[in-house]
Amino acid sequence: MISTPLLKRSLWSGFKLMIPFIAILAMYSVMIIWMYDPELSKSLDQFQDIMPDLMAAVGMTGSTGTLIEFIHTYLYGFIMLFIPIIYVIMLANKFIMRYVDNGSIACILATANSRKRVIFTQMLSVTILVVVLIGISTAIGCVSSAVMFPGDLDVTRYLKLNGAVVLFDLAISGICVFAACFFNESRWYLALGGGLPLVFYVIQMMANMGDKLENLRYVTIYTLMPGQDILAGTGNVALCCITMVLIWLIFYAAGGLIFIKKDLSV
């Protein structure tokens, strides 16, 4: 069902690409956790009062009284959502779109690998690497919290929060993989597969400002990220997670079918 040599090659290539993203997420995770302090939280809360629109746009609003709330407000409104998406866009381009665009897909298919095996292997590679990226970031957050603030982190909610991030990134990867399978040229992939998730984020920023723009949240996938519901222990967390899983699997399946049947001669 998969090509082991291609899987190993993709995972190694994807992991090398992952290193700077791990560095960025680690830096921000450690810095945000280090900044946690009840008195500092009060000072930072003043920024929400002074610049409410700006702080809301980047998702940095909410309670900061506990360590998990502080991390969620200042890390998961922007950094932990936006940075992995860039990585996902690059993965789909590297593993699928680039091979089609430069014609090297013909060399891969000239071996014993069928189209079905190739695309399934590449989809599996993207999935594994997304899980590894968020997994490493989660481990860094847990270790940093244990060192700097022993016993203060609600580990259960932290793991649930990062689990939701994994599903969110996989849903985004579904859009990217579908676009990579649908188009034959990188420029069109970047316009849709790369552009749509970024457009969604801009829409979410505007929706976060509230007032007349608040209803825009219904047209962006970012609304499915149930961070606040996980912290509060209420809301439709399961429904949001199931929806993200469905988006991921449906787009992967649709993209795979298109890739198997598409004309790769152009």
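The values are calculated or read from the model by the stated rules, or taken from the named source; none is laboratory data. Predicted model only: the values in this text are computed from it and were never measured. Reconstructed Cβ throughout: ideal geometry from the backbone, glycine too, with neighbour counts over all protein chains shown. Just so you know, the surface numbers come from the protein's heavy atoms only, side chains and all, with ligands and any DNA or RNA stripped out. Shrake-Rupley method; radii C 1.70, N 1.55, O 1.52, S 1.80 Å.
General remarks:
- Among (1) open to solvent by 70 Å² or more (accessible area, probe 1.4 Å); (2) in a loop (DSSP other than H, G, I, E, B); (3) modelled with pLDDT of 90 or more - the single one T234 does not satisfy: (3)
- S41 being among the hydroxyl-bearing types (S, T, Y), at pLDDT 55 or above, buried (at least 16 other Cβ atoms within 10 Å of the Cβ) and farther than 30 Å from V126 by Cα: yes
- Criterion: farther than 22 Å from P197 by Cα and either modelled with pLDDT of 95 or more or open to solvent by less than 10 Å² (accessible area, probe 1.4 Å) (or both) - qualifying residue of I136, I68, I96, I108: I136
- Total residues in the range 205-228, condition open to solvent by less than 50 Å² (accessible area, probe 1.4 Å), modelled with pLDDT of 75 or more and assigned to a helix (DSSP H, G or I): 4
- The one condition in (1) over 29 Å from M1 (Cβ atoms); (2) open to solvent by less than 20 Å² (accessible area, probe 1.4 Å); (3) not aliphatic (A, V, I, L, M) that S125 fails to fulfil: (1)
Yes/no matrix, rows are residues, columns are (1) touching a residue at least 40 places away in the same chain (Cβ under 8 Å); (2) closer than 11 Å to I68 by Cβ; (3) not in a helix (DSSP H, G or I):
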residue: T127; (1), (2), (3): yes, no, no
residue: V130; (1), (2), (3): yes, no, no
residue: G135; (1), (2), (3): no, no, no
residue: P150; (1), (2), (3): no, no, yes
residue: T156; (1), (2), (3): no, yes, no
residue: A164; (1), (2), (3): yes, no, no
residue: L167; (1), (2), (3): yes, no, no
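- Here V202 fits the description: open to solvent by 70 Å² or more (accessible area, probe 1.4 Å) and over 26 Å from K262 (Cα atoms).
- Residues in the range 71-80 that are in contact with a helix residue (DSSP H, G or I) (Cβ under 8 Å, 6 or more places away or on another chain) and surrounded by fewer than 22 Cβ atoms within 10 Å (Cβ to Cβ): I79 only.
- Qualifying positions in the range 152-191 - of a type in the set (V, I, T) and closer than 28 Å to K262 by Cα: I172, I175, V177
- Residue within the range 168-182 that is of a type in the set (F, W, Y) and crowded, with 20+ Cβ neighbours inside 10 Å present: yes
- Residue selection: L239 fails the criterion of being surrounded by 13 or more Cβ atoms within 10 Å (Cβ to Cβ) and out of contact with any Cys (no Cβ under 6 Å at 6 or more places or on another chain).
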